[in-house]
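What follows is a single structure, written as structure tokens, with notes after it.
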Amino acid sequence: MPPIPAQDRSFSTREWLLLIGVSLAYFFIYHWPLLSDPFHFQEDVVQHYLWLNTIRFDAEWADSFYPRTSGAIQPFGYYALLRSLVVFLDPLTISRWLPLPLTVLTVVYGTALFRRFFPLALALTGGLLITHYNLSESLGGLARAFCVPLLTAFAYYLVRGDKPWQLAAMLLLCALFYPPTLLINAGILVCWTVYRLLDSLKTKGKDWRRFFSPSGPVKWSFWLPVIGGGFLAVGVAWLHSHRIAVHPDLNGFLTDPEMRWLPEFGGEGRVAFSNLRDAPPGNILRYFVRSYFTFGYHVYFAYAGFLLAFGLAITFWKRLARPAIWLLAFAASTCFLYVLARELMPMLFLPDRYVNYPWRLLAGGILTFLAGGLYYCWPRKVVAGILTVALLAWGYIYRPPENVRYADVRPQNPIFEAVRATPPNAMIAAMPQVADMIPLFTNRSVFISSELSHALYFRAYYDYITPRFEAEWRAFAAPADSLDQVLGFMEEWNIDYLLTDRKQLEEMRFPTFAPYEERFSKQVAGREAGDLALLAIPESVGVLLEGRYQLLSLKEVEELVKTQR
């Protein structure tokens, strides 16, 4: 298919320096809290970098269940990239600095995309706005951080229309680094192609045979690389899906009927599939509007902006047709996949992955399109300048630097230091939320944790995780005269150390997801406060940290049980 006529505005050396400089400035301003403090990081790194951490530090438990599954769920390209980088850098350093090249790529491709239609200042601001909306997903350098950069790069080559090999490469990269983007871009490509064919039909007559003639809109020299790249990408994505389906520690997804009756997937569960499945589809539109456009204003404020953008597209159709069709195709593809994923759940994984992450690009694209349409009402440099300042101000209101969200684990450093003093192959059992950061900061294995329980929608993972949660809450709920139950729990599950939170236990709480927190509460209901075996252990036993956390070894618990007998 031939390219739609467009302004081909290549970047000069000065403009390249500007793009890179602005990208670096943005990165250091918004990522500085994570770069400047070793105890600041994105909490999902625990789950997705665990395998990498055990490789880097040659952990004795590197071949245990949690590291194996942590690596198995990663896309092929992402896995290979991290495996290469860990030779030179530790995982936490990788997680902090990997967003840098992704930030530069998003700004550059976003600017190049909008530069074909708008002045440089507006285009650069649009690229920054896309990057800014995607900030929370880029933190940590997880696979999802590649979503918006891949979608943006594909959009640039699609709208440009004369780079089939680059389009094919982007499809392959989507499959390698974040497979949902492959489906999204495939949907966009279909919508874009249908529009082009219909437009050709209107302008060149109704003889469909002409579409495939040498002078028709379908140029096979363009399509063959794209189709070939698409088939190769589908093969890579299928191999990733097949690996998950046959991996002995994953064994594919639980079925939707199974998850409907499991409390772990209810509204209070670890993964609220019920909310994703049963919520009215229209809620996703309200989420989109309220999350990216209203900022506390009435929702009709955003709807008025959409109507204005629609009116501007019609008024300046010859100039804005291509970005308008791309935005519509993007919205159609993501919405269709969201609905399809709900119907086929969990075959296409979590439905919100097709809207939550990608719509950050859509939000930035809509605002830039609106600003560009207003610019065409009076195409002057001063107007472009005013609109640029307005977009920058909008982005700052959306998220100023002080509102960057990250985990601060400095208060847990005493726990980390105490756990590091245990043998390297020690198994630590702690309350799920207390155990979250221990593997990454101490290189010790944990019995269960909230972060490491997220993947329980896999059948084998569910079968591995749930008995452990059941066993732990029962041990923590043992009454004061039943310390032998705690000992039996440690011996049965080969636990070397027990880390308790005496404050939480004094409140008779076991904070975690359904149904285990509720089961714990029912078990201890009616008892006097403090009637727990773990609270009956003197504070002088083991190591007491911060006046609330108590680290107990198996040997110390055995001696206490012998004393009671």
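The values are calculated or read from the model by the stated rules, or taken from the named source; none is laboratory data. Model, not experiment: these values are computed from the prediction. Ideal geometry is used to build each Cβ from the backbone, glycine not excepted, and the neighbour counts take in all protein chains shown. Only protein heavy atoms, including side chains, enter the accessible area calculation; ligands, DNA and RNA are left aside. Shrake-Rupley method; radii C 1.70, N 1.55, O 1.52, S 1.80 Å.
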(request) Report yes if some residue within the range 340-348 is open to solvent by less than 30 Å² (accessible area, probe 1.4 Å), over 30 Å from I397 (Cβ atoms) and touching a strand residue (DSSP E or B) at 6+ places or on another chain (Cβ under 7 Å); otherwise report no. (result) yes
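So, in the range 27-55, exactly how many residues are under 14 Å from P439 (Cβ atoms) and buried (at least 19 other Cβ atoms within 10 Å of the Cβ)? Please lay out each step first, then the result.
First, pick out the residues of the range 27-55 that are under 14 Å from P439 (Cβ atoms): 41, 43-55.
Of the ones still in play, those that are also buried (at least 19 other Cβ atoms within 10 Å of the Cβ) are 41, 45-54.
Within the range 27-55, residues that are under 14 Å from P439 (Cβ atoms) and buried (at least 19 other Cβ atoms within 10 Å of the Cβ) number 11.
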(request) Only residues in the range 426-437 that are of a type in the set (S, T, N, Q) count as the first member; pair them with residues that are assigned to a loop (DSSP other than H, G, I, E, B), Cβ under 6 angstrom, at least 6 apart or cross-chain, and list the lot. (result) Q433/S450; Q433/P511
(request) Give the range 242-259 a look and list any residue that's surrounded by 13 or more Cβ atoms within 10 Å (Cβ to Cβ) and touching a residue at least 40 places away in the same chain (Cβ under 8 Å), or say none. (result) R243, I244, H247, D249, L250, N251, G252, F253, L254, D256, M259
(request) Report whether or not A514 is crowded, with 23+ Cβ neighbours inside 10 Å, of a type in the set (G, A, S) and either on the phi < 0 side of the Ramachandran plot or touching a Cys at 6+ places or on another chain (Cβ under 8 Å) (or both). (result) no
(message) Within the range 455-498, take every residue that is of a type in the set (D, E) and not in a helix (DSSP H, G or I) and give me the one that is nearest to E43 (Cα to Cα).
(response) D496
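Condition check ((1) open to solvent by 10 Å² or more (accessible area, probe 1.4 Å); (2) under 30 Å from I325 (Cα atoms); (3) among the acidic types (D, E)) across all residues:
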{"position": "A363", "(1), (2), (3)": "no, yes, no"}
{"position": "T368", "(1), (2), (3)": "no, yes, no"}
{"position": "A371", "(1), (2), (3)": "no, yes, no"}
{"position": "D408", "(1), (2), (3)": "yes, no, yes"}
{"position": "I428", "(1), (2), (3)": "no, no, no"}
(message) Considering only residues that are touching a Gly at 6+ places or on another chain (Cβ under 9 Å), of a type outside the set (K, R) and not in a loop (DSSP other than H, G, I, E, B), which ones fall in the range 501-541?
(response) L505, E506, A536
(message) I'd like to verify a number: residues in the range 228-240 that are open to solvent by 60 Å² or more (accessible area, probe 1.4 Å) and in contact (Cβ under 8 Å) with a residue 24 or more places away in the chain, how many?
(response) 3
